[in-house]
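K.L.:
Here it is, the structure, as structure tokens.
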Amino acid sequence: MNSNDEQIRAAIADQASEWFVAHEEGPMDARDSAALAAWFMTSPVHIEEFLGVSVVARGLKEIRTNPEYSLEAILARASDDEARPVQGLWPRVIEAVRKTPSGRWFPATMAMTVVVGLGLLFTWNLRPTGRPAGTAGIATRYFETRHGEQLTQRLADNSVLHLNTDSAVSVRYSKSERLVTLISGQAEFEVAHEANRVFRVHAGYAEVIDIGTEFDVRLEPGSTVVTVVEGRVAVGAQNSNPNQAVRSIELAANQQIRVADGALPAAPVAADAGRTTSWLHRQIAFDHEPLERVAAEYNRYTSKPFVIATQALRTLRISGVFATDDTDAFIAFLRSLKGVRVEMTENRILVSGD
Amino acid sequence: MACVTMAAAEPKLSLVERLFADHRGALQTFLLRRVRAKADVADLAQEVYLRMLRVSDQDAIRNPVHYLYTVANNLVKEHAVIERRRASSIDIDEAPAHEQLKMLPAFDGDLDAAQRGLRLGTVLQQLRPKCRAAMELRFARDLSYREIAMHLGVSPQMAKKYVAQGLSHCRRRMAQLG
């Protein structure tokens, strides 16, 4: 099975698992049942994966008598706090090379994890702050991805940080707060709730205060977009005057807000958080969006950018789910569209009309 | 294909419960034993799919999962009948007898289950701690999502998400190991 097949399989297994959980939880309403039936009837592979998922659940039932699966043992493992990188769903080779602006590095700690057979490899560094080591309860860590890379990292408090392509964050935990600064790009946070230590994200013009949740933050030129996947967050605008009272606005799941310089909109807008965070699965999802936008999104991941040569094509609406690291599939898709030509040159992928 | 009738007011049972209650036997045995023989499961899925497409009365699929298991279960039974008939004749396309013997578990289900348990254990270790715990609490300890959420300090929604992610990961890994 090549990696493309494998990715499609994995995406189907995800869907199968979601359906399995939804069904297994209790009776589904008529609409969901119809949707599930339709999903089954889309492809035999859907059925196969669903059966496969059932087998896993069954397997867990089977080993319930093993003392390793006693309630106590399970919970003890869950609270295991050892800092080690989390394996993403589709791990790939990641070599994070970090440079501070000054170019100087003090790797206080370096850990390396090699997941055999998967080739997942990345290193992390702990960079001491200016403080003496004795008070180093506070340390800043940096995580960075290059073009086309992604990174998933579990933080000391068990929160999980997912970093998209071309992104950088600094993470600074103190006794009273957990502060993450999104320096560039896009990140998703699964925040572990801590009643007396707030989780705060600074990102361009926006400040996000977590109220126990999962959310996505993306820096765009001139604005910051915050999308809540689950739970609630408070978003405030950061501006140049620190004394000015800061208004903040609360966002719930599937709501999004775009914050420009000091300007916080009156209300959030509805958004499909699943689509915003499709990058977590190395996918980009579009629903009826102009090709220009889709190409720009793709260009965040590809080595050769897509360039749309014909003006009229820029507004062509397309829908679909694409793998971020499978340019060929996207090109094939474009070629299947009527009146669209795709030409590969040495440093770009030229999309034009007939 | 006979239409599957579904009781209008089914008692609320979890899928796994139902899987065992209604479809104990053929399908379970088939799926659990043949996790490795991917082609078998793919063929089964293909056949279930075709039968589903042939259903004219969409109402019969009011509970699609139940329907899926029922159809699959029937197919496996039919398959078993055919296999038994075939076994009495000699098929030169079949793998040599000693090859087949290697596939047979020495002590029927037990050894198989132990092996599967080990494998699943290995795959579970690859999950992040909370995700793994959520899955184990759900299926090995039968906790509700609300209870899991309380234990793990996350929302019930998140607990569900962990379970789905965990299932998907394990499913893919188990398939690859196969």
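K.L.:
So which of A:D261, A:D326, A:D354 ends up being charged (D, E, K, R) and within 21 Å of the chain's Cα centre (by Cα)?
P.N.:
A:D326
K.L.:
Within the range B:135-178, take every residue that is at the interface with chain A (Cβ under 7 Å from one of its Cβ atoms), under 17 Å from the mean Cα position of the chain (by Cα) and among the basic types (K, R) and give me the one that is nearest to A:P67 (Cα to Cα).
P.N.:
B:R171
K.L.:
Given the conditions (1) modelled with pLDDT of 85 or more; (2) in a helix (DSSP H, G or I); (3) more than 23 Å from A:E220 (Cα to Cα), report the number of the one that A:A332 does not fulfil.
P.N.:
(1)
K.L.:
Looking only at the range A:53-81, which residues are more than 7 Å from every other protein chain (Cβ to nearest Cβ) and surrounded by 17 or more Cβ atoms within 10 Å (Cβ to Cβ)?
P.N.:
Selection gives nothing.
K.L.:
Go through the range A:296-326 residue by residue and tally those that are more than 20 Å from A:I12 (Cα to Cα), β-branched (V, I, T) and surrounded by 15 or more Cβ atoms within 10 Å (Cβ to Cβ).
P.N.:
Taking the range A:296-326 and keeping what is more than 20 Å from A:I12 (Cα to Cα), we get A:296-318.
So of that shortlist, the ones also β-branched (V, I, T) come out as A:302, A:307-308, A:310, A:315, A:318.
The next check asks that each one be surrounded by 15 or more Cβ atoms within 10 Å (Cβ to Cβ); those that pass are A:302, A:307-308, A:310, A:318.
Residues that pass the stated criteria total 5.
K.L.:
Output yes when any residue across the range B:167-174 is farther than 24 Å from A:V229 by Cα, modelled with pLDDT under 90, touching a helix residue (DSSP H, G or I) at 6+ places or on another chain (Cβ under 9 Å) and not in a helix (DSSP H, G or I), and no when none is.
P.N.:
Checking the range B:167-174: not a single residue is farther than 24 Å from A:V229 by Cα, modelled with pLDDT under 90, touching a helix residue (DSSP H, G or I) at 6+ places or on another chain (Cβ under 9 Å) and not in a helix (DSSP H, G or I).
K.L.:
Starting from residues that are more than 7 Å from chain B (Cβ to nearest Cβ) and in a helix (DSSP H, G or I), keep the ones in the range A:26-44 and report whichever is surrounded by the most Cβ atoms within 10 Å (Cβ to Cβ).
P.N.:
Once the filter is applied, the top-ranked residue is A:W39.
K.L.:
If you don't mind, another one. Do any residues in the range A:336-354 that are in contact (Cβ under 8 Å) with a residue 40 or more places away in the chain have Cβ atoms under 8 Å from those of residues that are outside any strand (DSSP E or B) and of a type in the set (S, T, Y), where the two are at least six apart or on different chains, and which pairs are they?
P.N.:
Listed pairs, sorted by first residue: A:I349/A:T302; A:I349/A:T327; A:V351/A:T310; A:S352/A:T310; A:G353/A:T310.
K.L.:
May I ask you to list the residues in the range A:47-65 that are over 31 Å from the mean Cα position of the chain (by Cα) and more than 16 Å from B:G117 (Cβ to Cβ)?
P.N.:
None - no residue of the range A:47-65 is over 31 Å from the mean Cα position of the chain (by Cα) and more than 16 Å from B:G117 (Cβ to Cβ), so the list stays empty.
K.L.:
While we're here: Checking B:Q126 against (1) part of a helix (DSSP H, G or I); (2) facing chain A (nearest Cβ under 7 Å); (3) over 17 Å from A:F50 (Cα atoms): exactly one of these is not met. Which one?
P.N.:
With respect to (1) part of a helix (DSSP H, G or I); (2) facing chain A (nearest Cβ under 7 Å); (3) over 17 Å from A:F50 (Cα atoms), B:Q126 is out only on (1).
K.L.:
Taking A:H281 as meeting all but one of (1) out of contact with any strand residue (DSSP E or B) (no Cβ under 8 Å at 6 or more places or on another chain); (2) free of Cβ contacts under 8 Å to residues at least 24 places away in the same chain, write down the number of the exception.
P.N.:
(2)
K.L.:
Right, next: What residue, of A:E214, A:E207, A:E194, is in the same structural domain as A:E144 (by TED's automatic domain parsing) and in contact with a Gly (Cβ under 6 Å, 6 or more places away or on another chain)?
P.N.:
Details: A:E214 fails: in contact with a Gly (Cβ under 6 Å, 6 or more places away or on another chain); A:E194 fails: in contact with a Gly (Cβ under 6 Å, 6 or more places away or on another chain).
From the options A:E214, A:E207, A:E194, the qualifying one is A:E207.
K.L.:
Ok, one more. What pairs come out if I take residues in the range A:204-224 that are under 16 Å from A:P265 (Cα atoms) and pair them with residues that are at pLDDT below 85 and assigned to a loop (DSSP other than H, G, I, E, B) whose C-beta lies under 7 Å away, six or more apart or interchain?
P.N.:
Partner pairs satisfying both residue conditions: A:Y205/A:Q238; A:Y205/A:D261; A:Y205/A:G262; A:A206/A:Q238; A:E207/A:Q238; A:S223/A:Y205; A:T224/A:G204; A:T224/A:Y205.
The values are calculated or read from the model by the stated rules, or taken from the named source; none is laboratory data. Everything numeric here is computed off the predicted structure, so don't read it as measured data. Glycine also receives a Cβ, built like all others from the backbone with ideal geometry; neighbour counts cover every protein chain displayed.
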